[in-house]
Amino acid sequence: MASVQIDGKHKCGGFLINPSYVLTAAHCDKSGNMTVILGTHNITHGYTFGSRHMDVKFYHIHPGNESKSLLNDIMLLQVNDSDVFLVLQIKLVAGWGKKTTKGAVSAKLMEVDVTIINAKQCKKYWGKKTTPSHAWCVQVYDRFISFMACNFHNFSQGYSGGPLVCNNVAVSVVSFKERNNCNSPKLPNVYTKICKFLSWIKAILEGVKQELD
């Protein structure tokens, strides 16, 4: 699990997909000094044994991304340390973020089980805001840990960009949820499907490899 930070403050989650790249949500792109922390459990402890703090060299936002609708909400961050490859055990959905709408961001990494809702229900709930072929709707049953940004135009809640993991494989990226209603959400959360963007991810990774060769 990665903490994507702006000017030293946690903004989004993410996860390492190879020694040089972190996958996160496109709407996590904001002005400021972007860094990535890997291998830490508590993001308030700074440098801890086994953690890695890395600057972001470049970021690649999917060309089809639409900032208002959050369509194709996916981004690759190229980090400056190609020698580290950390594999962390994650249970389904994890991240640092708020437990309630007006609560403080959690310093400790949290995790929760979720259930995927079928595409028809997803479209019924969100309409034009999501494309079922490129996203999953997910229901969180633990109200104490209500995941994703309360305002999907503001990722400061801290969970955006984190992975949804099934059978130890990252299958989607946290994108958005119902606005300003973490305490008693009525709409399912929305995740960007990674499988729909594999060709784009592969093209970027292979392009960087060719440059290094």
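How many residues are at pLDDT 80 or above, closer than 26 Å to H10 by Cβ and either over 14 Å from the mean Cα position of the chain (by Cα) or in a helix (DSSP H, G or I) (or both) if we restrict to the range 184-199?
So the answer is 2.
For M34, which of the numbered conditions (1) surrounded by 12 or more Cβ atoms within 10 Å (Cβ to Cβ); (2) at pLDDT 90 or above; (3) within 21 Å of A203 (Cβ to Cβ) fails to hold?
Failing condition for M34: (3).
Here is a yes/no grid of residues against (1) under 24 Å from Q78 (Cα atoms); (2) part of a helix (DSSP H, G or I); (3) in the same structural domain as K30 (by TED's automatic domain parsing); (4) modelled with pLDDT of 75 or more:
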| residue | (1), (2), (3), (4) |
| --- | --- |
| I116 | no, no, no, yes |
| K124 | no, yes, no, yes |
| Q139 | no, no, no, no |
| M148 | yes, no, no, no |
| V174 | yes, no, no, yes |
| R179 | no, no, no, no |
| C182 | no, no, no, no |
| K202 | yes, yes, yes, yes |
| E206 | yes, yes, yes, yes |
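Do you know which of the residues in the range 2-24 that are closer than 23 Å to E206 by Cβ and among the hydrophobic types (A, V, I, L, M, F, W, C) is surrounded by the most Cβ atoms within 10 Å (Cβ to Cβ)? Walk me through it before giving the result.
Quick first cut of the range 2-24, residues closer than 23 Å to E206 by Cβ only: 2, 14-24.
Narrowing the set further to residues that are among the hydrophobic types (A, V, I, L, M, F, W, C) leaves 2, 15-17, 22-23.
Values: A2: 27, F15: 21, L16: 24, I17: 15, V22: 25, L23: 23.
This residue is A2.
Return the total of residues in the range 152-172 being surrounded by fewer than 17 Cβ atoms within 10 Å (Cβ to Cβ) and either at pLDDT below 65 or among the acidic types (D, E) (or both).
Result for the range 152-172: 2.
Every residue in the range 7-31 that is among the aliphatic types (A, V, I, L, M) and at pLDDT 90 or above, please.
Within the range 7-31, V22, L23, A25, A26 qualify.
Residues are listed down the side, and each one gets a yes or a no for (1) at pLDDT 70 or above; (2) within 15 Å of G161 (Cα to Cα); (3) surrounded by fewer than 18 Cβ atoms within 10 Å (Cβ to Cβ):
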| site | (1), (2), (3) |
| --- | --- |
| S69 | yes, no, yes |
| L76 | yes, yes, no |
| D83 | no, no, yes |
| G97 | no, yes, no |
| A107 | yes, no, yes |
| K120 | yes, no, yes |
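The values are calculated or read from the model by the stated rules, or taken from the named source; none is laboratory data. Remember, it's a predicted structure, so these values are computed and weren't measured experimentally. So basically every Cβ, Gly included, is an ideal-geometry build from the backbone, and we count neighbours across all protein chains shown.
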